[in-house]
Each structure stands twice: as structure tokens, then as C-alpha cells.
Amino acid sequence: MATSRRVLLSAFACSPSYGSESGVGWNWALETANLGHDVTVITRREFQPAIEAANLAIAKEGRLNFVYVDWVRRLSWEGAGKALTYGYVYLWQWLAWRTAQQLHRQMPFDLVHHITFGAVRFPSFMGGLGIPFVFGPAGGGESAPSALRRGFPLRGKLVDALRDLLNRLVAFDPLVLATLRRARLILIRTQGDLAVVPRRFHPKVFRVSEVGIRCPQPKPVHVRAPGSVRFLYAGRLLYLKGMHLGIPAFATALQQLPGATLTIAGRGPEEGQWRELAERSSAAGSIRFLGAVPFEEIGQLYREHDILLFPSLRDSGANVVYEAAAHALPVVCLKLGGPGELVEDDWGKAVEVKNLSEGGAIAALAEAMVEIATDRVRLETRSLNARAWAERQTWTSRVSAVYERLDGGGVAPSTGTAGESAEAANGTGLSISAGRLITRDGRMD
């Protein structure tokens, strides 16, 4: 096990009630504490009710503490527009940095780790504490192939063009460069993220997925007849998820899988476009849209299907891939971004689309769907292999790998005890109650 430390975690998003960025912040904090470290998390007040409702024994023992910081008390970043969200990320980082300075003076930490917002083009000021600093896992460096953007809505084309520009500007951004320079360890998610990091920082880069999985109880693997295979897409209905390729690919595959179905679960701005695309296709009667599915019903949705179709063009993370594999669903995706780097031939199919047009990508995707669905023995084997792969992708393995890397680099713990740290906080306007570090009036000074 890694050497025990007092760790300060900066998590713009951190909640046990959500997936995505919020789930990453929460699970990294929880697993860091489970590994025996004394963890204090700076996060936002929006997540305080869900965190306190979790009522963790580990928090009551004082090994997992939370500090809630915000400029606007009730701003919900999930519901805000991207411009507002991204602007507030910068402001919140400054507020969190000021709070971190105060906490570090009163109860010195061995290590500070910026975990969310996890994008390589967003800076963190936490490296200024003068202690070992870990940045990431940061993503967002992936870029959709230009040949496959023709089906994007105009908004998507503009967003991706701006995103590509911002990624190129990382090499000139003084705040991001200062972040990377101060970091003892730079965690990235994919090869695309490495391309954004200036070459002089590459010796400090460690590639690790930000996502882990807690596998449910295994389900019996039941493989339907090839003609009745059930495909599933689950996630937000966004242009970057690639279903402008996935829907026509399914329609093509249906010619050889006449009883197959495709379920699309989720909501998003491209819902109207995707519905129209499905209605115009020859597969209209075999495609159904479920809309948003409650979090507690997702497991049942996976159990009712056989193969996950996830043709994302530039995802860094791949939560849905982990979830599907944990439920023994093989995955068909594109060989792009996080999913393309994760999915292996023994439990799925990552389709190579390099130098392909949209028509070529659709044909290749359809061919992969037919291949994986028609061989019942191989489909069952892939299902079992998907589950076995997921069982190895634990949150504990993710966090352990990072701290073991730091141990190898000689990042030593400071002297003093957690009890001494708690005593030092008293009398400063801070109090520790039930493992939660908060100001007496619920606000940071």
C-alpha cells in the first residue's frame, strides 16, 4: 500500500449522486481515504446535501473531510451554459486556492491533487502551495476527424473548431503552463491528451483513466439468436457521440440482422435530428427512443440488451463503456478517444476509421456490428471477457497506481498526526464535525 499522507483534493465537481465529473471527484476522494490517507476535499456547496446524506463511516472517523466553497451559493453548474460554467471554473479555482492556503497554514498537507474539473486546457492554482502537486487525470485533448464532422450541426462544427483552437493555445497559456510546470505528476486520460501537453513536460506525464467501476452481481450470460440481438446506445444525445453514423450503420447492419433492435436512451440537443434520421432510415421500426432513464434503472437497461453501440468521436472518458462491460455487454465503438483505446477485440470491437469518409465509417461500423452479433459462440465469449475486464478496472486500482507512482518518486509524508491537524484548525473560524470540515457559519472566510 502507498505511504499514508495528508491529502488536499481540489474537486470542482464531487457528488455520490451523479456520474461524469461529479462521480470522478467523489470516487477519487473516497478511494484515496479508503487507502488509508487523511483526505480533505475542497468542493462546491451544491454537492453538500448529497455528500452529507451519504453518511459514510469513513467520514465519521475523520479520514474524509469536506470544505464547501462558492462565490454564488446556489449556482448549479450542470444546468448552466458552457460559457458560464467554464468561466466560473476559473473563478472557483481562485476561491479554492485561497481556501487551500488558509487550510495549509493551519493543518499542513503532504500532497495537493487537482482532480476536477478534469480538462488539460484548464489551469489549477494548487501547485502554488509549495508541496507535491498532482494534476489530473485531465482529458479534452481529443479531436474528431475532420472527415467525420460533416454530419455535425452547425453549432457542433463551431464548438469543435473553437475547442481545437483552445487546445493549440495551451502551449501559450501562462496559467496552464504554470500548472504543468509546478506539477510533480501530470495525469492524462488518452493519447490525444498527450498531444496537447508541451513536450518538455512529457517526462512527468502518467497515463491513467479517470474512471473506475464497482461491478454489480454478475448476470447469467444469455445470448439471443443472431437475428434478435439487442443493441443499446446510452448517454447524452450530443453530436460528438457519433450516432449520426451509428443510426445509418445500424440500418445497414439490419439487412443481415433482420430481427435486431436498437434502443437509444438519453436526452440531449440532437434528439430531434437523431429521431428524424431514424424515421427516414429503413430501420425506423426497429429503433426506439427511451428518453432519460433514472440512474437506478440503468442496470436493468443493460441487462435487457446484448451489445453497446457507442460510436463517439472524441470522448476522453468512457463511463458508459465501463458500465456496459460490467454488465457483460461487448462494445462496438470507433477507434477514437478513450473508448477506442480501451476496447479490445476479445470483448468488443473498436472500428478503425482513419482516412475514412462518413460513408466509409458507416460501412465499417455496420460490418463490425454484424461480425460481433452473428457468431453466437464468440458473442458469448466476448460477453464473459467484457465482465472479466471490468472486474479489473476498479477505483482502488486507479488511485493506487497514482500513489504508488508518487512513492517511487520519493514524495514523503510530513510529520504530525491527523489529530494535531484537527486541533490546529480550532479557533480559526473552522470546525470539524462528523468528519466534515466547514466554517461555523457555513461559509469560507
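The values are calculated or read from the model by the stated rules, or taken from the named source; none is laboratory data. None of these values were measured; they are calculated from a predicted model. Don't worry about glycine lacking a Cβ; one is built from the backbone with ideal geometry, like all the others, and counts go over all protein chains shown. Please note that ligands, DNA and RNA were not included when accessible areas were found on the heavy atoms of the full protein model with its side chains. Shrake-Rupley method; radii C 1.70, N 1.55, O 1.52, S 1.80 Å.
Glu270 fulfils the conditions (1) acidic (Asp, Glu); (2) open to solvent by 20 Å² or more (accessible area, probe 1.4 Å); (3) in contact (Cβ under 8 Å) with a residue 60 or more places away in the chain except for a single criterion, (2). Cβ-Cβ distances below 7 Å connect the following pairs, each with a first residue in region 12-36 that is on the phi < 0 side of the Ramachandran plot and free of Cβ contacts under 8 Å to residues at least 40 places away in the same chain, a second residue that is open to solvent by less than 20 Å² (accessible area, probe 1.4 Å) and of a type in the set (Gly, Ala, Ser), and a separation of six or more residues or different chains: Ser15/Ser22; Trp26/Ser15. Among the residues making up region 305-358, those that are within 17 Å of Val370 (Cβ to Cβ) and small (Gly, Ala, Ser) are Gly348, Ala350.
Starting from residues that are within 17 Å of Ala253 (Cα to Cα) and touching a residue at least 12 places away in the same chain (Cβ under 8 Å), keep the ones in region 354-366 and report whichever is most open to solvent (accessible area, probe 1.4 Å).
Residue satisfying both the conditions and the ranking: Ala363.
When we screen Leu162, Leu103 for residues that are more than 21 Å from the chain's Cα centre (by Cα) and either open to solvent by 30 Å² or more (accessible area, probe 1.4 Å) or modelled with pLDDT under 95 (or both), the only hit is Leu162. Cβ separations smaller than 6 Å between residues 6+ apart or across chains give the following pairs from region 143-155 residues that are in contact (Cβ under 8 Å) with a residue 24 or more places away in the chain and open to solvent by less than 60 Å² (accessible area, probe 1.4 Å) to residues that are of a type in the set (Gly, Ala, Ser) and in a helix (DSSP H, G or I): Leu148/Ala361. Restrict the check to region 304-319 and report whether at least one residue is farther than 24 Å from Ser357 by Cα and free of Cβ contacts under 8 Å to residues at least 60 places away in the same chain. The answer is no, given that none of the residues of region 304-319 is farther than 24 Å from Ser357 by Cα and free of Cβ contacts under 8 Å to residues at least 60 places away in the same chain. Residue count for region 167-206, restricted to those that are without any contact (Cβ under 8 Å) to a residue 40 or more places away in the chain, surrounded by 16 or more Cβ atoms within 10 Å (Cβ to Cβ) and not in a helix (DSSP H, G or I): 1. Do you know which of the residues in region 207-219 that are open to solvent by 20 Å² or more (accessible area, probe 1.4 Å) and assigned to a loop (DSSP other than H, G, I, E, B) is modelled with the highest pLDDT? Among those residues, the one meeting the criterion is Ser209. In a residue-by-residue description of region 313-331, the property of being under 28 Å from Ala138 (Cα atoms), aromatic (Phe, Trp, Tyr) and part of a helix (DSSP H, G or I) applies to at least one position.
Of all residue pairs spaced 6 or more apart or on separate chains, those with beta-carbon atoms under 8 Å, a first member in region 102-131 that is closer than 22 Å to Arg163 by Cβ and a second member that is open to solvent by 30 Å² or more (accessible area, probe 1.4 Å) and hydroxyl-bearing (Ser, Thr, Tyr) are Phe122/Tyr86; Phe122/Tyr90; Pro123/Tyr90. Out of curiosity, is Gly338 in contact with a strand residue (DSSP E or B) (Cβ under 9 Å, 6 or more places away or on another chain), crowded, with 22+ Cβ neighbours inside 10 Å and either at pLDDT below 95 or of a type in the set (Phe, Trp, Tyr) (or both)? Considered against the rule, which asks whether it is in contact with a strand residue (DSSP E or B) (Cβ under 9 Å, 6 or more places away or on another chain), crowded, with 22+ Cβ neighbours inside 10 Å and either at pLDDT below 95 or of a type in the set (Phe, Trp, Tyr) (or both), Gly338 comes out as yes.
Taken together, the residues in region 110-130 that are touching a helix residue (DSSP H, G or I) at 6+ places or on another chain (Cβ under 9 Å), surrounded by fewer than 24 Cβ atoms within 10 Å (Cβ to Cβ) and in a loop (DSSP other than H, G, I, E, B) amount to 5. The residue that is most open to solvent (accessible area, probe 1.4 Å), counting only those in region 220-238 that are assigned to a loop (DSSP other than H, G, I, E, B), at pLDDT below 60 and in contact with a helix residue (DSSP H, G or I) (Cβ under 6 Å, 6 or more places away or on another chain), is Val221. Among what's in region 257-266 and is at pLDDT below 95 and open to solvent by 30 Å² or more (accessible area, probe 1.4 Å), pick the residue that is nearest to Val320 (Cα to Cα). Among those that are at pLDDT below 95 and open to solvent by 30 Å² or more (accessible area, probe 1.4 Å), it is Gly259.
Hey, does region 27-40 have a residue that's at pLDDT 90 or above, among the charged types (D, E, K, R) and in contact with a helix residue (DSSP H, G or I) (Cβ under 6 Å, 6 or more places away or on another chain)? Yes; the residues of region 27-40 include at least one that is at pLDDT 90 or above, among the charged types (D, E, K, R) and in contact with a helix residue (DSSP H, G or I) (Cβ under 6 Å, 6 or more places away or on another chain). The residues in region 312-345 that are within 17 Å of Arg382 (Cα to Cα) and touching a Cys at 6+ places or on another chain (Cβ under 8 Å) can be counted, and the count is 5.
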